[in-house]
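The values are calculated or read from the model by the stated rules, or taken from the named source; none is laboratory data. Quick caveat: nothing in here was measured; it's all calculated off a predicted structure. Cβ placement follows ideal geometry from the backbone for every residue including glycine, while neighbour counts extend to all protein chains displayed.
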Ligand code: PHE
């Protein structure tokens, strides 16, 4: 019996049926109900125990070799059986490949920069790690001035022994306005989108970083009327024609006079809702005429030039447009949240 098994094993290894029919014949010959291998197992049953011990293993190997060969043949011949018909079925529906979308903050930023670029504003960028001069001093925040506390700042030490802490994560993109004016000559007409940082406890309503778009327009004869008309136009474009605006006096060290601008609530159209705390108005930005001190700090002659500046938080605008109730959603990268904006690819 041992020789038989050996001979069959060699036969199996050597055989290579060319067609599906031959492969099937092979299967029937070795593994079919009346085939060689079941017959060998039948004989095996009646062998004395010592021989069983000796032959059991090789018999199992033989069966395995035959089954493997059959599988191989099936795969091989099914491919060749398909010969003559195209191996690619073009009528099958395609596999969908998931497409990413823009982050809602990027969507709104793009929309804002688009509106201002139509008004002739270019886009300026600057570093997120700033020195004291660009983030504060040039903007008319004298050292020790209480206005510095308006923006809870993350200070950075260049080395552990340095106590001057004159570097910080920028608290607003007004720092880019300073850089722009220092580097060029008026007129300036640009917006500054970017990420800013404030030392706030993270909650649904506050975060330690957020995004701003600030704007600056400096030229001869720029007035508060220009500021109002520019921002009025911006709001009609962003929230729809008919959106009302109102300006309330405010204070910023770098603008004089300063104002905060409210718009009629885009969610309840001014009727009163939770978003506008039932006042019908929501604040969206700070603005004002650039303080003459700031102009001269940046090398612009305040006797000749005037300008306006404004700054808004993109998260706030996004909340108004999409009614996102929790600021943390913007930075958690939860695809269930982000996927809702996929149709808005622009
Ligand atoms: N820099 C101000 C802020 O971050 C916004 C602002 C910009 C206000 C320009 C007035 C003029 O709060």
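Give region 294-314 a look and list any residue that's more than 15 Å from residue 216 (Cβ to Cβ), surrounded by fewer than 21 Cβ atoms within 10 Å (Cβ to Cβ) and in contact (Cβ under 8 Å) with a residue 12 or more places away in the chain, or say none. Outline the logic, then answer.
Narrowing region 294-314 to residues more than 15 Å from residue 216 (Cβ to Cβ): 296, 301, 303-304, 313-314.
Add one more test, that the residue is surrounded by fewer than 21 Cβ atoms within 10 Å (Cβ to Cβ), and what stays is 296, 301, 303-304, 313.
304, 313, listed by residue number.
Here are 235, 245, 218: which of them is in contact with a helix residue (DSSP H, G or I) (Cβ under 9 Å, 6 or more places away or on another chain), assigned by TED's automatic domain parsing to the domain that holds residue 169 and surrounded by 19 or more Cβ atoms within 10 Å (Cβ to Cβ)?
Selected residue: 218, the only one of 235, 245, 218 that is in contact with a helix residue (DSSP H, G or I) (Cβ under 9 Å, 6 or more places away or on another chain), assigned by TED's automatic domain parsing to the domain that holds residue 169 and surrounded by 19 or more Cβ atoms within 10 Å (Cβ to Cβ).
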Practice item. Report yes if residue 126 is in a loop (DSSP other than H, G, I, E, B) and either at pLDDT 90 or above or surrounded by 13 or more Cβ atoms within 10 Å (Cβ to Cβ) (or both), otherwise no. Key: yes
Point to revise | Residue check for residue 259: assigned by TED's automatic domain parsing to the domain that holds residue 288, surrounded by fewer than 21 Cβ atoms within 10 Å (Cβ to Cβ) and either assigned to a loop (DSSP other than H, G, I, E, B) or within 11 Å of the ligand (Cβ to nearest atom) (or both) | key: no
Revision key, fill the gap. Those residues of region 186-202 that are assigned to a loop (DSSP other than H, G, I, E, B) and either within 21 Å of the chain's Cα centre (by Cα) or not assigned by TED's automatic domain parsing to the domain that holds residue 115 (or both) come to a total of 1
Exercise for review: Please specify each residue of region 28-55 satisfying the condition of being under 60 Å from the mean Cα position of the chain (by Cα), over 16 Å from residue 9 (Cβ atoms) and part of a helix (DSSP H, G or I).
Suggested key: 28
Check your understanding: Among the numbered criteria (1) in contact with a helix residue (DSSP H, G or I) (Cβ under 7 Å, 6 or more places away or on another chain); (2) more than 16 Å from the ligand (Cβ to nearest atom), which single criterion is violated by residue 225?
Key -> (1)
